[in-house]
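Colleague: This is the structure, below, for whatever I ask next.
The values are calculated or read from the model by the stated rules, or taken from the named source; none is laboratory data. The structure displayed is predicted, hence computed values, not measured ones. Glycine also receives a Cβ, built like all others from the backbone with ideal geometry; neighbour counts cover every protein chain displayed. Quick note on the areas: whole protein, heavy atoms, side chains included, nothing else; ligands and nucleic acids left out. Shrake-Rupley method; radii C 1.70, N 1.55, O 1.52, S 1.80 Å.
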Amino acid sequence: ATSGLNIVYETNSSSVLTVNSSGKLNPVGTGAVRVTLKQPGDSHFSAASNQTFDMKVIGKRPQTLTFTTVNETRIDQPMDLNASSSAGLAITYSITAGGSIANLSNNRLTFTGTGSVTVRASQAGNGTYAAAVAVNQTFLVKRPLTLTFNAIGNMGVNQVFDVKAAVVDAISNQAVQVNTTYSIVSGPATISDSQITCGNTIGTVVVQAKATGAAYFTSIETADFNVTSKRGQ
């Protein structure tokens with residue numbers, strides 16, 4: 001009011017909007033409501049003309065969560081969870097699957113075994129924001145492998161030999177039995193299982209080994225050797 005006197009508020013729907021004891025508007029429900037503003041005047045000022053405005057109370061503000069993780073993680077490396085709320089509110093995490101191999105402390109996961117883990121990010125809301133729709137992320141916990149070729153020397157044309165690569169657990173340094181396949185990447189040679197047959201021309205051959213297992217990361221390593229004009233023996 002131009003007089004500086006306090007405004008008196010009235011509403012036409014007390015189920016949506018009330019006036020509290022301090023004279024302020026207090027949303028108590030959702031829906032459309034009309035607010036009337038009055039200033040009855042005093043000994044110095046006459047009453048002002050009433051003013052009205054229409055509004056809609058829609059309830060708490062919505063919020064959304066953003067939450068991503070890697071598809072695979074190492075058993076020996078902690079994972080820091082990084083979900084965020086569009087409202088900027090703190091996130092709560094829980095393990096919904098894989099609790100036997102994963103431990104959660106604040107926003108950090110540590111692991112004691114391999115397998116699948118599902119983590120849920122949630123935000124319960126507050127006086128302004130409604131609860132967010134929870135977001136789940138599922139990933140695999142695996143062990144790393146180290147793949148090392150046995151030495152391959154120069155070979156002669158048409159020479160036939162077996163190639164081999166050692167596979168060890170990169171954490172324990174113990175040999176592991178996993179599926180290992182071999183292939184020729186380039187050069188004058190063919191391969192069947194682990195047996196290489198050199199061609200009848202000279203050149204450099206690149207051979208690849210690929211080791212994989214359910215509890216392990218896939219590991220790929222290459223080695224090369226020369227096919228020379230000498231006859232193989």
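Colleague: Taking the residues in the range 134-153 that are open to solvent by less than 30 Å² (accessible area, probe 1.4 Å), aliphatic (A, V, I, L, M) and in contact with a Lys or Arg (Cβ under 9 Å, 6 or more places away or on another chain) as candidates, determine which candidate is nearest to Gln63 (Cα to Cα).
Modeller: Val141
Colleague: Specify the residue that is farthest from Thr110 (Cα to Cα); the eligible residues are those in the range 39-65 that are touching a residue at least 40 places away in the same chain (Cβ under 8 Å) and among the polar types (S, T, N, Q).
Modeller: The residue in question is Gln63.
Colleague: Which of the residues belonging to the range 142-164 are part of a strand (DSSP E or B) and either without any contact (Cβ under 8 Å) to a residue 40 or more places away in the chain or over 34 Å from the mean Cα position of the chain (by Cα) (or both)?
Modeller: Within the range 142-164, Phe149, Met155, Gly156, Val157, Val160, Phe161, Asp162 qualify.
Colleague: Kindly indicate which of Ala223, Ala211 is in contact with a Leu (Cβ under 6 Å, 6 or more places away or on another chain) and surrounded by 16 or more Cβ atoms within 10 Å (Cβ to Cβ).
Modeller: After ruling out the rest, the residue left standing is Ala211.
Colleague: Still on this structure, please answer the following. Scan Gly156, Gly125 and give me the residue that is open to solvent by less than 40 Å² (accessible area, probe 1.4 Å) and touching a Lys or Arg at 6+ places or on another chain (Cβ under 6 Å).
Modeller: Being open to solvent by less than 40 Å² (accessible area, probe 1.4 Å) and touching a Lys or Arg at 6+ places or on another chain (Cβ under 6 Å) holds for just one of Gly156, Gly125, which is Gly156.
Colleague: Going through the range 26-37 one residue at a time, which ones are modelled with pLDDT of 90 or more and open to solvent by 60 Å² or more (accessible area, probe 1.4 Å)?
Modeller: Ala32, Arg34
Colleague: Within the range 70-84, restricting attention to residues that are over 18 Å from Thr112 (Cβ atoms) and touching a residue at least 24 places away in the same chain (Cβ under 8 Å), which residue is least open to solvent (accessible area, probe 1.4 Å)?
Modeller: Of everything passing the filter in the range 70-84, Ala83 is least open to solvent (accessible area, probe 1.4 Å).
Colleague: Can you tell me which of Ile220, Ile191 is under 30 Å from Glu72 (Cβ atoms), touching a residue at least 60 places away in the same chain (Cβ under 8 Å) and part of a strand (DSSP E or B)?
Modeller: Every option except Ile220 fails the conditions.
Colleague: Quick test for you: out of Phe67, Phe53, Phe111, pick the one residue that is among the aromatic types (Phe, Trp, Tyr) and under 30 Å from Thr2 (Cα atoms).
Modeller: Phe53
Rundown of residues vs (1) of a type in the set (D, E, K, R); (2) under 19 Å from the mean Cα position of the chain (by Cα); (3) in a loop (DSSP other than H, G, I, E, B), yes/no style:
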position: Ala48; (1), (2), (3): no, no, yes
position: Thr52; (1), (2), (3): no, no, no
position: Thr69; (1), (2), (3): no, yes, yes
position: Ser100; (1), (2), (3): no, no, yes
position: Leu109; (1), (2), (3): no, yes, no
position: Gly113; (1), (2), (3): no, no, yes
position: Ser116; (1), (2), (3): no, yes, no
position: Arg120; (1), (2), (3): yes, yes, no
position: Phe139; (1), (2), (3): no, yes, no
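Colleague: Would you say Asn82 is within 30 Å of Gly213 (Cβ to Cβ) and out of contact with any Phe, Trp or Tyr (no Cβ under 7 Å at 6 or more places or on another chain)?
Modeller: yes
Colleague: Still on this structure, please answer the following. Out of curiosity, is Thr204 surrounded by 13 or more Cβ atoms within 10 Å (Cβ to Cβ) and in a strand (DSSP E or B)?
Modeller: no
Colleague: Name the residue that is modelled with the lowest pLDDT, counting only residues in the range 169-188 that are farther than 13 Å from Met155 by Cα and part of a loop (DSSP other than H, G, I, E, B).
Modeller: This residue is Gln177.
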